[in-house]
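Chemist: Got a structure for you, written out below as structure tokens; questions coming shortly.
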Amino acid sequence: MKSDVDLVTKLADLKTDLAQRYPVVPSGGATVDPETVAADLAAIERDGYVIWENLISDEECRKIRDAVIPLLGHTGRNGFEGHSTQRVYSVLNKTRVCDRLVDHPRVLAMLDHLFLPNYLLSQLQVININPGESSQLLHHDDGLYPVPRPRPPLGAATIWAIDAFTEDNGATVVVPGSHRWEEPKRKPGPNDRVESVVMPAGSCVFFVGTLWHGGGANHSACDRLAVTAQYCEAWLRPQEAFTLSVPRDVARAASPDIQRMLGYNVHPPFVGAVDGLHPLRLLEDDSVSD
């Protein structure tokens with residue numbers, strides 16, 4: 001019988017990538033000032049969300065708007081998607097103008113501290129709330145995973161304001177502190193404080209998956225355009241099957257951080273392997289195509 005020492009050694013070995021060819025590389029979040037990261041984390045711990053104003057320029061917003069508006073089609077299929085809300089799915093395969101939002105260092109810095117390495121991109125959408133849209137049902141994003149609360153968040157999300165978010169045009173609403181609710185089945189009630197995420201174009205709100213929130217009603221005469229990216233722990237199934245929807249030639253052109261978040265990584269010891277090998281080999285071999 002093998003000794004307990006041998007068993008402990010083998011278990012320790014399983015905590016690293018068995019291929020031993022692709023060492024963990026710090027994400028772009030490592031470039032963010034530690035004091036800034038600490039302040040952001042404190043806001044998230046207190047409120048469940050943090051607002052970053054003016055992270056991208058008016059010119060970047062214009063480029064995103066020009067690229068995604070032609071992609072907008074029919075409105076939602078149900079009340080949750082929004083009968084007066086247009087959405088674009090599989091964004092990475094249709095335009096690359098949103099890449100900078102997905103792997104923005106400020107976002108990655110938060111994900112690096114909240115989740116295990118090799119966290120995944122779960123969803124990327126363009127959301128355009130048209131005039132007359134009603135309020136979305138309040139929800140928390142990681143409620144789709146059947147793990148009872150209270151618990152740490154299993155994911156996080158960003159919503160980028162390509163148009164300014166106002167009280168009247170459908171700004172996202174949040175329930176501050178709801179990420180810390182202890183009652184497993186508690187839902188927002190009339191006595192809970194709800195706030196609108198009012199922010200200028202080019203800004204971003206980051207929130208954890210346990211925070212109750214929803215799209216606001218659009219009482220204005222204008223659309224409200226936004227881009228949202230959701231992320232999840234490495235051991236969970238993402239909402240979008242990116243390894244199926246994003247061709248390898250598109251993935252090859254993405255940043256290393258986005259490649260990792262699409263699933264071209266190994267969550268130790270071997271979750272995500274392809275034919276027993278690291279999936280990045282599929283991107284390195286130009287002869288392999290979809």
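Chemist: Only counting other Cβ atoms within 10 Å, I'd like GLU183, GLU45 sorted with the fewest neighbours first.
Modeler: Numbers: GLU183 8, GLU45 12.
Fewest to most other Cβ atoms nearby, the residues stand as GLU183, GLU45.
Chemist: For ASP257, what charge total do you get from the other residues with a beta carbon under 12 Å from its beta carbon, if Lys and Arg give +1 and Asp and Glu give -1?
Modeler: -1
Chemist: Moving on. Relative to the Cα centre, what is the charge dipole magnitude of the range 55-163, using +1 at the beta carbon of each Lys and Arg, -1 at the beta carbon of each Asp and Glu, and rounding to the nearest 20 debye?
Modeler: In debye, rounded to 20, the range 55-163 gives about 200.
Chemist: Now for a different question. Any aspartates and glutamates with Cα under 18 Å of the LYS63 Cα? List them, leaving off those in the same chain fewer than 8 positions away.
Modeler: List returned: ASP99, ASP103, ASP163, ASP223.
Chemist: State to the nearest 20 debye the size of the charge dipole of the chain about its Cα centre, where the only charges are +1 on K and R beta carbons and -1 on D and E beta carbons. Could the numbers behind the result be given before it?
Modeler: On the way: 27 positive and 38 negative charges, 129 e Å.
Around 620 debye, computed over the chain.
Chemist: Determine the distance separating the Cα centre of the range 172-186 from the Cα centre of the range 39-109; give it in Å without decimals.
Modeler: If we compute the Cα centre of each part, the gap is 23 Å.
Chemist: Going by average Cβ neighbours within 10 Å, how do the peptides 248-260, 113-125, 30-42 rank, with the highest at the top?
Modeler: Working: 248-260: 17.4, 113-125: 20.2, 30-42: 12.8.
Result, highest mean Cβ count within 10 Å first: 113-125, 248-260, 30-42.
Chemist: Excluding VAL173 itself, what net charge comes from residues whose Cβ is under 12 Å from its Cβ, given Lys and Arg +1 and Asp and Glu -1?
Modeler: -2
Chemist: Would you mind ranking ARG224, ARG149 so that the residue whose beta carbon has the fewest other beta carbons within 10 Å leads the list?
Modeler: On the way: ARG224 26, ARG149 18.
Starting with the residue having the fewest Cβ neighbours, the order is ARG149, ARG224.
Chemist: How do SER203, SER84 rank when sorted from fewest to most other Cβ atoms within 10 Å of their own Cβ? Write down the numbers at each step before the final one.
Modeler: Values: SER203 21, SER84 17.
In order of increasing Cβ crowding within 10 Å: SER84, SER203.
Chemist: Just from its helices, what would the mean residue ellipticity at 222 nm be for the chain, if runs of 4 or more DSSP H residues each count -39500 (n - 2.57) and the sum is divided by every residue, rounded to the nearest 500 deg cm²/dmol?
Modeler: Computed mean residue ellipticity for the chain: -6500 deg cm²/dmol.
Chemist: Then there's this: If you filter the range 156-261 for GluC sites (Glu not before Pro), then keep DSSP loop positions with at most 10 other Cβ within 10 Å, what is left? Walk me through the numbers before you get to the answer.
Modeler: Details: sites: GLU167, GLU182, GLU195, GLU233, GLU240; in loops: GLU167, GLU182, GLU233, GLU240.
When the GluC sites (Glu not before Pro) of the range 156-261 are filtered for loop state and at most 10 Cβ neighbours within 10 Å, GLU182 remain.
Chemist: Just report the Cα centroid separation between the range 230-290 and the range 110-167, whole Å.
Modeler: 22 Å
The numbers here are math on the coordinates, done by the rules we state, and not lab data. Every value quoted in this text rests on a predicted model; they were computed, and no experiment measured them. Don't worry about glycine lacking a Cβ; one is built from the backbone with ideal geometry, like all the others, and counts go over all protein chains shown.
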